[in-house]
1. Mind sorting A:104, B:8, A:14 by how few other Cβ atoms lie within 10 Å of their own Cβ, fewest first?
2. So what's Rg/Rh here for segment B:1-76, counting alpha carbon atoms and using the Kirkwood radius for Rh?
3. If you look at just the Cα atoms of segment B:41-121, how large are its Rg and its Dmax in Å?
4. How big is the Cα convex hull of segment B:129-235 in projection, averaged over all directions, in nm²?
5. Would you list B:38, A:174 from fewest to most Cβ contacts within 10 Å?
6. Roughly what would the spin-label model give for residue B:187 and residue A:176, points 7 Å off Cα along C-beta, in nm?
7. Springs between alpha-carbon pairs under 10 angstrom, Gaussian network model over chain B: which of B:158, B:69, B:102 fluctuates most?
8. Which shape class applies to segment B:1-154: rounded if a/c is under 1.5, otherwise prolate when a/b exceeds b/c and oblate if not, where a ≥ b ≥ c are the square roots of the Cα gyration tensor eigenvalues?
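Taken together, the values in this text are just the output of simple stated rules run on the coordinates, not laboratory data. Worth saying up front: this structure is predicted, and the values here are computed from it rather than measured. Please note: Cβ atoms are built from the backbone with ideal geometry, for glycine as well, and neighbour counts cover all protein chains shown.
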């Protein structure tokens, strides 16, 4: 194969302000079936039910009402529903895909709200976490971040990815657990800019 | 060539930067601190898998999936192409989601207030899946240009939005397909945000071979996603 490959990546472009009827149609009330939404669990899903919610805040501190958040995570056993996770003891949960998608334009406070389960640790030294992809008008290339959990201090302390982040910025990746009458809620705001700018990864 | 378990890097000589002042919405939404490098773990090497089961029978035909009492107005088009990774391998059985304005340049979305007509027979969103060779195809009408508030007399060129998953979370891509010869391209800060050597990859090609006689004009748009990194065999 020559050094000069003609197969260069197609450039990213923004989702723009009108993604909802294509990507999150049911959540926004359009009559087009959605492939995913904020409810990532069904009755039979294994694991601790949690709610993950937060807002996307711009550099003026205002909530963004046209962002789309995607979550991708392991199941309660720390396994991913994907052929690349080929571990022999693979404990798939047929009731959990691990993927969710939610737009911030419907909730009155412009929150994203996911009903999911707390992922297990993958067993590779990483703390339990959720991968997050952030899209919005004004973002020409999507941004990747991660959600870690405030009640996993020990595991967080030895997580190689968290440890690669400057110490004074690690808190931006840790969702705060709040045990409510309706169950545990993890709150995770995404700050695009400012003093508390969320850490984004070059995934 | 042997495959490694790493995904090729995001090629920042191909993708637009976060901060691009001519596109004013980037100003308050672009991260200001450098991205933190990450070694790919299972979280980045895996990703959501959607194939044929995610697609309904009319999802690939935007001229029919929103029809109420007739055909949508506009030039009927067929858009086809291949999804490849950056080693040139086809990306088979992967979901593509598309959405677009109607022929008059109006989105069905509630926040689109541009006073061009809604087409009662056009919704503007669809899906398709690549075949074993990475090939996809969907039918639609050519979307119209429309004004936007970025700067005085700003108009978006004709475009179709694409969303793809590929084989891992790292290959996720949202992009826009443009049409050849559109005079608005050279004036559009979103198109122009892509590095100059990469921009042409966003423009489809008109193809008389892809054109279906008496039916639809053909446009070819190949898409290259990040894939597994390959390493040369020889030491």
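1. Ascending number of Cβ neighbours within 10 Å: B:8, A:104, A:14.
2. Answer for segment B:1-76: 1.14.
3. My reading of the Cα-based Rg and Dmax gives 16.9, 51 Å.
4. Taking the Cα atoms of segment B:129-235, their convex hull projects to 10.0 nm² on average.
5. B:38, A:174
6. 4.8
7. B:69
8. oblate
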